[in-house]
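A short reminder: the numbers here are calculations on the coordinates, not readings from a lab. Owing to the predicted nature of the structure, the values given are computational and were not obtained by experimental measurement. A quick note on method: Cβ atoms are made from the backbone with ideal geometry, for glycine too, and the neighbour counts reach across all protein chains shown.
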Ligand SMILES: NC(=O)c1ccc[n+]([C@@H]2O[C@H](COP(=O)([O-])OP(=O)(O)OC[C@H]3O[C@@H](n4cnc5c(N)ncnc54)[C@H](OP(=O)(O)O)[C@@H]3O)[C@@H](O)[C@H]2O)c1
């Protein structure tokens, strides 16, 4: 099973503020949906709770939530107390590629296990960011593909859809 990260980050690796996103980018939401649909998605409790009610759990995906709080239960999500347990659960369901979808704490802890990163680089710096994606050590990773999408009527920022592999 491939262990992958899906993340959108600004030019300084900012990914969030006040337990929400820094932007509203429909093109990236569509990309996220396309690459995660049909897969197990693993996330931290904060990220799960940051998803608006009407989209939670994320449809057509097996939602795995990591929390050390044994009383945290949520209909529609499988809750585990460690990332390893969540990964093992996906493996036991014969998942081919688990998608780790944040947030900052989970990305940091999961990065050593990860073989692929779907990174949407948002060509802007948000000074108010309070949550960050870890620095990608370029000597450990290679850029497998990248696709530029220039800002347009529905997207305020130039985007670079990158796939990194280790
Ligand atoms: N731009 C993007 O692509 C993107 C994607 C996702 C999220 N985000 C943003 O990221 C922010 C949320 O990130 P965050 O760092 O605050 O929270 P998070 O990583 O989503 O969740 C943190 C919580 O998950 C649990 N957890 C994390 N690591 C664990 C571990 N190793 N073992 C057991 N439990 C663990 C803990 O819950 P307990 O306290 O219950 O133990 C912890 O408090 C939001 O602003 C969100 O919008 C951005």
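For this structure, a couple of remarks:
- Taking all Cα pairs closer than 8 Å and separated by 6 or more residues, the relative contact order of the range 44-139 comes to 21 percent.
- Zone residues, the range 91-133, relative to residue 165, backbone N less than 13 Å from point 7 Å out along Cα-to-Cβ: 115-118
- Distance between the range 111-125 and the range 1-74 - C-alpha centres, whole angstrom: 13 Å
- Label point distance in nm, residue 49-residue 71, each placed 7 Å from Cα along Cα→Cβ: 1.3 nm
- Using a Gaussian network model of the chain in which every pair of alpha carbons under 10 angstrom is joined by a spring, one finds that among 18, 46, 63 the greatest mean-square fluctuation is at 18.
- Taking 14, 76, 44 as the candidate residues, the one with maximal mean-square fluctuation in a Gaussian network model of the chain, Cα springs under 10 Å, is 76.
- Helix 83-92 axis, angle to the chain major axis (alpha carbon atoms, nearest 10°): 80 degrees
- Hypothetical label at residue 23: residues of the range 132-166 whose amide nitrogen lies under 16 Å (7 Å Cα-Cβ projection): 132-133, 147-163
- Choice from 109, 129, 90 showing the highest fluctuation, given a GNM over the chain with Cα pairs closer than 10 Å: 109
- Applying 1/(1 + (r/R0)^6) with r as the Cβ-Cβ distance of residue 156 and residue 105 and R0 = 22 angstrom yields a FRET efficiency of 0.20.
- Take every Cα pair under 8 Å whose residues are at least 6 apart in sequence, average their separation, divide by the length of the chain, and the relative contact order is 34 percent.
- Tilt relative to the chain, helix 26-36 - C-alpha long axis, 0 to 90 degrees, to 10: 40 degrees
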